[in-house]
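Before any comments, here is the structure.
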Amino acid sequence: AMASAESIQKQIGQDSVLPLAGCAIAVKDNVHVHGWGLTCGSKILEGYRALFDAGAVKFLRDAGAVFIGRTNMDEFGMGSSTEHSAYGRTLHPIDPSLVAGGSSGGSAVAVATGAAHAALGSDTGGSVRQPAAFNGLVGLKPTYGSVSRYGLAAFASSFDQIGVIARCVEDAEAVFDVVAQPDDRDATCTGHQPPDFIRPLEKTRIAVAAECFSPSVQPEVAAAVQRAAAVLSKIRRVEKLSLPYMRLSTAVNYTIANAEAATNLARYDGMRYGNAAANHSTYAEMLTANRSSGFGREVRRRILLGTSILLDADGRGLLAKARETRLSITRQFESFFKEYDLLLTPTTPTTAFPAGQKKHDPVEMYLSDLFTTPANVTGYPAINVPFGKDEGGRPIGVQLMAQPHHEQLLFQAARLLEKSV
Ligand code: GLN
């Protein structure tokens, strides 16, 4: 899709082509695009206009991309189905009774329906990879710090990362190459730092996580992982091994993310940010009125949970435990990646589920992030690759995870899987 934009540019007689000349990019509603509204899927930001471009948006603009529109999302990125948006839910293109995935559900649907060549999303616990999986698209969560968070409305700053949704690996790579640049407006942003050495694909050591074959994983998804392992085993034997800490990632992610979100969302008080309700005599009254009516149910739930997690007087409570566990998980992955180069898992335990099924069962909803949260907890990069469909014709995605800044390896292996289907 992207190559055609390039050939058009050539036909009209320009020799030097901008890498993304004419590419239509859709942008999640939490990433600033100069002059556009920005709601984060929330009523509290209705009418807010972005006064500047986010870092990633600026790099795309400089590369010739064209921004075609905003995409719907779970409010402040909190959700796995795009049912928690103040502006209505996003429908799945193949069956409107299904969810599109979330929280970047709108971005995925914009690409799946052909409205955009590619889209930006944000991934705090899986929000780029999960909707990509549900829609048969490629979704990349880059290494933490490789893409600027300047102009991304913060949800949980130690996990948030802007990612790319595209129809094929090549397109995702083209967009990643443009957005993964250093940006001194985000102190954690280094841009892409290609490692000195990447093991050639035929020598790549690959493992599949034994946890993928647990009963909570839809059998067709587990079977797709087996088939993906078989494809990859043509380059080298794929080992099966267990990473016992992996299953703690979702609890750790939600504990720390809620605490960070409670802090980050404190700015929406109707004075600094957010719409102010009129006629209140005290700040406290105004704050209560604005936040109670401006935030949706799931966001209020997270703020309450996060606030109680932060009320950790002796520093030995849940937050401290979650941080310690985060370190243990990261150590386990570090030692895993001393022996292996790639980890293969499902992206999601199931394919797209019916709307309404998990909306009122937050824990069930959170568990859709079982396999995606490890990459956010560790900061490592991971990619969703579409890999077949289930009996109902719903796309299945498999996930590859690698060491920091080994995106090139992810793309190579993902292409191999892509070619085989
Ligand atoms: N589904 C997760 C949540 O609800 C992750 C969201 C995300 O990555 N933004 O928090």
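Summed over qualifying helices (DSSP H, 4 residues or more, each -39500 (n - 2.57)) and divided by its residue number, the chain shows a 222 nm mean residue ellipticity of -10500 deg cm²/dmol. Only protein heavy atoms count here; under a 1.4 Å probe, Ser158 has an accessible surface of about 30 Å². Counting only protein heavy atoms and a 1.4 Å probe, region 351-408 has 31 square angstrom of accessible area per residue.
Run the accessible area of the chain with a 1.4 Å probe and give the carbon-and-sulfur part as a rounded percent. Walk me through the numbers before you get to the answer.
Numbers: 9080 of 16750 Å².
Carbon and sulfur atoms account for 54 percent of the accessible area of the chain.
Were the residues from Val363 through Arg267 laid out at 0.36 nm apart, the gain over their Cα-Cα distance would be 31.9 nm.
Please work out how much length the chain gains when fully extended from Ser16 to Ser292, using 0.36 nm per residue of separation minus the C-alpha to C-alpha distance, in nm with one decimal.
Residue separation times 0.36 nm, minus the Cα-Cα distance, leaves 94.1 nm.
Comparing Cα centroids, region 65-92 and region 387-404 end up 21 angstrom apart. Quick note on region 194-286: its Rg to Rh ratio, both from C-alpha atoms and Rh being the Kirkwood radius, is 1.30.
Quick one: P(r) of region 57-190 from all Cα-Cα pairs, 5 Å bins, percents rounded to integers, in order of increasing distance. Final binned percentages: 2, 12, 22, 24, 21, 12, 5, 1, 0.
Write out the chymotrypsin sites (Phe, Trp or Tyr not before Pro) in region 135-236 meeting two conditions: DSSP loop, and at most 11 other Cβ atoms within 10 Å of their Cβ.
Answer by residue number: Phe197.
If you wrap the tightest convex hull around every Cα atom of region 214-363 and split its volume per residue, you get 169 Å³. Structural size metrics of region 101-251, computed from C-alpha coordinates, are Rg and Dmax of 16.8, 46 Å.
Calculated from the alpha-carbon coordinates, region 240-307 shows an Rg and a Dmax of 16.8, 63 Å respectively. In this structure region 244-322 gives 54 Å² per residue of accessible area when probed at 1.4 Å with all protein chains present. Each residue of region 350-360 is assigned a 3J(HN,Hα), and the resulting list reads 9, 7, 3, 9, x, 4, x, 4, 10, 4, 9 Hz, derived from the Karplus form 6.51 cos²θ - 1.76 cosθ + 1.60 (θ = phi - 60°), x at Gly and Pro. Looking at the chain alone, DSSP beta bridges between its own residues are antiparallel in about 60 percent of cases. Available extension along the chain between His280 and Arg49 is 80.7 nm, counting 0.36 nm per residue and deducting the alpha carbon span. The Cβ shell under 13 Å around Leu304 holds other residues with a net charge of +4, Lys and Arg each +1, Asp and Glu each -1. Of all lysines in the structure, those lying under 17 Å Cα to Cα from Lys141, and not within fewer than 8 positions of it along the same chain, are Lys28. For the set Thr307, Thr82, solvent exposure ranked by accessible area (probe 1.4 Å, protein chains only) runs largest to smallest as Thr307, Thr82.
With kT/(6 pi eta Rh) evaluated at 25 °C and eta = 0.890 mPa s, and Rh the Kirkwood radius from Cα pairs, the chain diffuses with a coefficient of 114 µm²/s according to Stokes-Einstein.
Between Met365, Met78, Met401, where does the largest GNM mean-square fluctuation fall for the chain, given springs only between Cα atoms within less than 10 Å? Result for the chain, Cα springs under 10 Å: Met365 fluctuates most. Sorting the Cα pairs of region 328-421 by distance into bins of 10 Å, from 0 upward, gives 15, 41, 31, 13, 0 percent per bin.
The calculated pair-distance distribution of region 157-219 uses every alpha carbon pair, bins of 5 angstrom beginning at 0, and gives 3, 11, 12, 14, 18, 20, 11, 7, 2, 0 percent. Computing FRET efficiency as 1/(1 + (r/R0)^6) for Glu170 and Gln226, where r is the C-beta to C-beta distance and R0 is 30 Å, gives about 0.70. Exposed loop sites here are trypsin sites (Lys or Arg not before Pro) assigned a DSSP state other than H, G, I, E or B and surrounded by at most 12 other beta carbons within 10 Å; excluding them, the longest clear run of the chain is 1-233. Based on protein heavy atoms only, region 72-119 ends up with 26 Å² per residue of surface accessible to a 1.4 Å probe.
The values are calculated or read from the model by the stated rules, or taken from the named source; none is laboratory data. Worth saying up front: this structure is predicted, and the values here are computed from it rather than measured. Backbone-built Cβ (ideal geometry, glycine too); neighbour counts: all protein chains shown. Calculation scope for accessible area: heavy atoms of the full protein, side chains included, ligands and nucleic acids excluded. Shrake-Rupley method; radii C 1.70, N 1.55, O 1.52, S 1.80 Å.
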